[in-house]
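The values are calculated or read from the model by the stated rules, or taken from the named source; none is laboratory data. Given the structure is predicted, the values throughout are model-derived calculations rather than measurements. So basically every Cβ, Gly included, is an ideal-geometry build from the backbone, and we count neighbours across all protein chains shown.
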Amino acid sequence: GAGVSQSPRYKVAKRGQDVALRCDPISGHVSLFWYQQALGQGPEFLTYFQNEAQLDKSGLPSDRFFAERPEGSVSTLKIQRTQQEDSAVYLCASSSTTGTQPQHFGDGTRLSIL
Amino acid sequence: QKEVEQNSGPLSVPEGAIASLNCTYSDRGSQSFFWYRQYSGKSPELIMFIYSNGDKEDGRFTAQLNKASQYVSLLIRDSQPSDSATYLCAVITGGSYIPTFGRGTSLIVHP
């Protein structure tokens with residue numbers, strides 16, 4: 001596809017369950033970012049990949065959050081033992097190069113923890 | 001205090017008017033500035049980016065950057081109801097790849 005693709009679009013899970021969110025960036029894009037967006041707020045940075053290397057994970061809120069991009073393309077964000085405060089929209093964005101290039105966002109995954 | 005500040009609004013303007021959206025930032029080392037538009041339930045969409053002081057125009061949109069005063073603005077001329085959305089300001093500090101987003105300003109353009 002031409003854009004960043006995220007799946008699922010909606011995910012409902014019970015508290016304590018593990019979830020996995022997928023991001024398929026624009027083909028050939030080197031940089032990949034994950035963000036968390038709460039209602040009425042701007043996106044908050046979670047983690048950044050340059051190809052398969054996770055260069056920055058300073059935004060991950062706890063050790064329950066884990067992200068990977070093993071082949072430098074598709075990325076997965078995993079949340080273990082989900083809590084209600086994890087409910088948010090999780091956005092993935094990619095950019096063609098490193099540095100400060102504009103990012104292209106996917107439509108996000110809306111996660112609701114019951 | 002958040003590093004990137006935006007008035008949450010809503011900013012309401014009549015159709016055909018100029019909408020002016022403002023963003024201030026705290027880090028003087030900031031070098032890259034972006035405006036994104038986000039419709040409700042949709043992902044952010046890049047509108048403009050600016051790196052140098054002054055104005056940058058693209059169609060009905062003009063980004064204005066003033067590094068001395070640490071603000072960046074987005075002007076939308078001839079506003080249309082379809083411009084109604086939340087506008088997010090994002091700033092990248094020199095030496096970093098990570099943008100910091102403001103909370104966004106809600107714009108309503110009424111017929």
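Suppose we filter the stretch B:80-96 for residues that are touching a Ser or Thr at 6+ places or on another chain (Cβ under 6 Å) and either among the acidic types (Asp, Glu) or facing chain A (nearest Cβ under 8 Å) (or both); how many remain?
1
So is A:Ser27 under 19 Å from A:Asp107 (Cα atoms), more than 11 Å from chain B (Cβ to nearest Cβ) and surrounded by fewer than 18 Cβ atoms within 10 Å (Cβ to Cβ) or not?
yes
Being more than 14 Å from chain B (Cβ to nearest Cβ), of a type in the set (A, V, I, L, M) and within 29 Å of B:Tyr87 (Cα to Cα) narrows it down to one residue among A:Leu39, A:Leu77; which is it?
A:Leu77
What's the number of the condition A:Asp63 fails, among (1) out of contact with any Lys or Arg (no Cβ under 9 Å at 6 or more places or on another chain); (2) closer than 30 Å to B:Ala85 by Cα?
Of everything listed in (1) out of contact with any Lys or Arg (no Cβ under 9 Å at 6 or more places or on another chain); (2) closer than 30 Å to B:Ala85 by Cα, A:Asp63 misses just condition (2).
Looking at the stretch A:27-114, what strands (runs of 3 or more DSSP E) fall wholly within it and have at least 2 residues that are more than 11 Å from the chain's Cα centre (by Cα)?
In the stretch A:27-114, the matching strands (runs of 3 or more DSSP E) lie at A:53-56, A:88-95, A:109-113.
Within the stretch B:7-27, which residues are polar (S, T, N, Q), modelled with pLDDT of 95 or more and within 19 Å of B:Ile92 (Cα to Cα)?
Correct list: B:Asn22, B:Thr24.
List the residue pairs whose Cβ atoms are under 7 Å apart, where the first residue sits in the stretch B:39-59 and is at the interface with chain A (Cβ under 8 Å from one of its Cβ atoms) and closer than 18 Å to B:Gln80 by Cα, the second is basic (Lys, Arg) and surrounded by 12 or more Cβ atoms within 10 Å (Cβ to Cβ), and the two are 6 or more positions apart or on different chains.
B:Glu45/B:Arg37
Okay, residues lined up against (1) among the hydroxyl-bearing types (Ser, Thr, Tyr); (2) free of Cβ contacts under 8 Å to residues at least 60 places away in the same chain; (3) more than 10 Å from chain A (Cβ to nearest Cβ):
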{"residue": "B:Leu75", "(1), (2), (3)": "no, yes, yes"}
{"residue": "B:Asp78", "(1), (2), (3)": "no, no, yes"}
{"residue": "B:Ile98", "(1), (2), (3)": "no, yes, no"}
{"residue": "B:Ser106", "(1), (2), (3)": "yes, no, no"}
{"residue": "B:Pro111", "(1), (2), (3)": "no, no, yes"}
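Given the conditions (1) closer than 22 Å to A:Leu114 by Cβ; (2) crowded, with 16+ Cβ neighbours inside 10 Å; (3) within 8 Å of chain B (Cβ to nearest Cβ), report the number of the one that A:Leu21 does not fulfil.
All conditions pass for A:Leu21, except number (3).
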